[in-house]
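Have a look at the structure below before the remarks.
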Amino acid sequence: MVIKHAKEVLKIESKAIKKLIPRLGRDFTKAVNLINSCKGRVIVTGIGKSGLVARKIAATLASTGTPAFFLHPAEGIHGDLGMVMKNDIVIALSYSGESEEMGRILSVIKRMGLKLIAFTAKQKSSLAVYSDVVLDVSVQKEACPYNLAPTASTTAMLALGDALAISLLYKKGFKKETFATLHPGGNLGKKLLLKVADVMHKGKDNPLINEKKTVREALLIMTSCRLGAVSVVDKNGRLKGFFTDGDLRRHWQKGDVSLKKKIADIMTRNPITITPDKLATEAVRLIQEKNFDNIPVVDKKNRPIGIIDERDLLKEGLG
């Protein structure tokens, strides 16, 4: 019965979102254009469960290039309306459109001459009458069996808020690089900002060997650097090949390895490489796709200036 009830909830809420799609039209476009042309901030307000959704919408707008913050209606009528400026725009969430606290701040907002966008199910409610744009978030029924607890309705509000934020993202030409500057912390920031150059082993920690050296000498360098790989270069320092402990095992199983052999005879020629300006996530993709442990990092002249190791990417939380 537990799974049956859970599936029913998901069916009801997914249906509520699907019902929003045919409603998107001139009103939604007008809302996007109003916010895009706003000279101030977007104030998102709501109370109860709608207020919690409003907080999330404000956060999503702010993180995707639209300055926004949440205003609690009850706090608003006790002084927080002082944060509202004449160039701001307001998005108000109320399923019934008749919240007492909401009504008290909306009258002030309208006296200030601010544009108002409503998320409501009641097209003739006080909120709808006050608003410049009304977006319909009505649902056939809540997922609650008594049709009381806000469930499908708040899901619809949340989804419509995401649609609004992402539509604005496209409208503003918001780029991945800008997103990175707004999310410098945690794994998200690392994925967007961390370059191969920030993670690679370089200088003395970048194992190199001339192509005329022996397998024995290559193994000594690999052991000293503890990376299990070495870049093989010519006399001009250009990459000629790559040799790993995996290559050694494969040749050893075939019985064709001698420590006196030239490393050039058993190295992997024309290895896959990466440049230091690439995102570290691109190195992760290559390592996982090719099942590598290491990748040589080369400059524009194909000189190995570093080596990137899977373990270092894992330490950064990128694996």
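Bear in mind these aren't lab numbers, they're just calculated from the coordinates by the rules spelled out. As the structure is a computational prediction, the values presented were derived from the model and not from experiment. As a convention, Cβ positions derive from the backbone with ideal geometry for all residues, glycine included, and neighbour counts pool all protein chains shown.
Take the cross-link list K110/K172; K260/K315; K172/K278 and give me the ones stretching past 30 Å between alpha-carbons.
K260/K315
With a Förster radius of 35 Å, plug the Cβ-Cβ distance of T273 and W252 into 1/(1 + (r/R0)^6) and report the FRET value to the nearest 0.05. It comes to 0.85. Close amide H contacts of T151 (hydrogens built in the peptide plane, cut-off under 5 Å, sequence separation of 5 or more or a different chain): A143, C144. Beta-bridge orientation, the chain: approximately 40 percent antiparallel, per DSSP, counting only bridges with both partners inside. The Cα center of region 233-279 and the Cα center of region 3-49 differ in position by 56 Å.
A cut-off of 5 Å between modelled amide H atoms, ignoring neighbours fewer than 5 places along the same chain, links K240 with V232, V233, D234.
Each pair of Cα atoms in region 1-127 enters the Kirkwood radius, and Stokes-Einstein at 37 °C and 0.692 mPa s then converts it into a translational diffusion coefficient of 209 µm²/s.
Return the whole-Å distance between the Cα centroid of region 62-135 and the Cα centroid of region 295-319. Here the answer is 51 Å between Cα centres.
Karplus-derived 3J(HN,Hα) values for region 134-142, using 6.51 cos²θ - 1.76 cosθ + 1.60 with θ = phi - 60°, are 10, 10, 7, 10, 5, 10, 5, 6, 7 Hz; glycine and proline are entered as x. Could you pull out every one of the lysines with an alpha carbon less than 16 Å from that of K261, ignoring same-chain neighbours closer than 8 positions? The reachable lysines, counting only those whose Cα sits under 16 Å from K261, are K212, K213.
With the simple spin-label model, which puts each label point 7 Å out from Cα in the Cβ direction, the K171 to Q140 separation comes to 3.1 nm.
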